[in-house]
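Following: one structure in C-alpha cells, then a few remarks.
The values are calculated or read from the model by the stated rules, or taken from the named source; none is laboratory data. These numbers were taken from a predicted model, which means no experiment stands behind them. With ideal geometry, Cβ positions are generated from the backbone for all residues, glycine too; neighbour counts draw on all protein chains shown. Each accessible area value is taken on the protein alone, full model and side chains, heavy atoms only, with ligands, DNA and RNA left out. Shrake-Rupley method; radii C 1.70, N 1.55, O 1.52, S 1.80 Å.
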Amino acid sequence: MSLTRADLESSRLHNMISQSGLGMQLLSESQLQESIRLTLNSHKPSSDVWLFAYGSLIWNPVFKFTERRVGTVYGWHRRFCLRAPVGRGTPENPGLVLGLDCGGSCRGVVYRIAEKDVSSELSLLWRREMVIGSYIPKWVKVVDGSNEVCAITFVINRHHPDYAGKMPFESTVNIIATAEGELGSSAEYLMQTVKGLETVGIEDKQLLRLRSSVLEQQQNN
C-alpha cells in the first residue's frame, strides 16, 4: 500500500511514527508551517510553485497540480540513502528509501502547483516529506530542454541519524529485498519507482540494476 491524501490530512504518518516506540523527533504542525514560510521567503508572492520529484512523488504524488514535465537537476543524484525503520521497514530490519544526494545529475518530474492550491498542497507535502526532518527543502533549477524553472525539492539531510550514505551495492540489495513495514516493502517502493520513471520516459540504469538484483535475490530465497 502507499500513503493517500486522506492519510496525510488525518496525520496518519505522524501517528505511525510517534507510536513506533523509536523516540524519533517529530516536527509539529507549527514547525512544518514555519518551514514552509521560510522556504517561500525567496519566492514571488501570489504565484504558482513548481516542485521537483525524483522518487515516490512521481508514482504517488497525492497533491493537486496543473502541469507536469520531465526535467533534469544538476548537482544532485537519486540514491537509496535513507533508512526506513517504519513505513518501508521495521526497527529490527530497517528498509531504504530514496533521497537526493550531492553530486551528479537527476532526471525526474517537475509539477506546477497553482497559486490557489499552494497553501493546502505544500502543507500535505511537508507532512509527508518533512515530518522527521530527514529531508531539507531546497530550491533547484530544473532544465527541460531549452526551458528552466526554479522548483522546490527535498534533498537528503546528511546530518539526520537515518542517513545511510553510500552503501555497498550488495548491502543495498539485501536491505531492499528483505525489508517490509506498515506501508509495504522497500522492494515494492523500488519497483513502483522504476515503473513510474518508465511511464514518463526516464531510464535510470542504477535503479534498473538494483531491481534486477533484488528480484534475483528474492527468487533465490
In the stretch 80-119, residues that are among the basic types (Lys, Arg) and either more than 23 Å from residue 33 (Cβ to Cβ) or within 12 Å of the chain's Cα centre (by Cα) (or both) total 3
Listed by first then second residue, the pairs whose first member lies in the stretch 86-112 and is among the polar types (S, T, N, Q), whose partner is at pLDDT 95 or above and open to solvent by 30 Å² or more (accessible area, probe 1.4 Å), with beta carbons under 7 Å and at least 6 positions apart or on separate chains, are 93/178; 105/74; 105/77
With the first residue restricted to the stretch 26-39 and required to be under 16 Å from residue 118 (Cα atoms), and the second required to be of a type in the set (A, V, I, L, M) and modelled with pLDDT of 95 or more, Cβ contacts under 7 Å at 6 or more apart or on different chains are 36/122; 39/152
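Could you tell me which of the residues 70, 110, 131, 97 is aliphatic (A, V, I, L, M) and in contact with a Gly (Cβ under 6 Å, 6 or more places away or on another chain)?
Details: 70 fails: in contact with a Gly (Cβ under 6 Å, 6 or more places away or on another chain); 131 fails: in contact with a Gly (Cβ under 6 Å, 6 or more places away or on another chain); 97 fails: in contact with a Gly (Cβ under 6 Å, 6 or more places away or on another chain).
After applying the criteria, what remains is 110.
In the stretch 85-100, how many residues are within 20 Å of residue 133 (Cβ to Cβ), in contact with a strand residue (DSSP E or B) (Cβ under 9 Å, 6 or more places away or on another chain) and modelled with pLDDT under 95? Spell out the reasoning first.
First, pick out the residues of the stretch 85-100 that are within 20 Å of residue 133 (Cβ to Cβ): 85-89, 91, 94-100.
Checking the rest, the ones that are also in contact with a strand residue (DSSP E or B) (Cβ under 9 Å, 6 or more places away or on another chain) come to 85-89, 94-100.
Now drop any that are not modelled with pLDDT under 95, which leaves 85-89.
Residues in the stretch 85-100 being within 20 Å of residue 133 (Cβ to Cβ), in contact with a strand residue (DSSP E or B) (Cβ under 9 Å, 6 or more places away or on another chain) and modelled with pLDDT under 95: 5 in total.
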Condition set closer than 16 Å to residue 40 by Cα and open to solvent by less than 20 Å² (accessible area, probe 1.4 Å), scope the stretch 130-154, selection nearest to the chain's Cα centre (by Cα): answer is 154
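Check every one of the helices (runs of 4 or more DSSP H) wholly within the stretch 11-102 and list those with 1 or more residues that are among the hydroxyl-bearing types (Ser, Thr, Tyr) and crowded, with 18+ Cβ neighbours inside 10 Å. Before the answer, list the steps.
On the way: elements: 12-18, 29-39, 56-59.
Passing ranges, in order: 29-39, 56-59.
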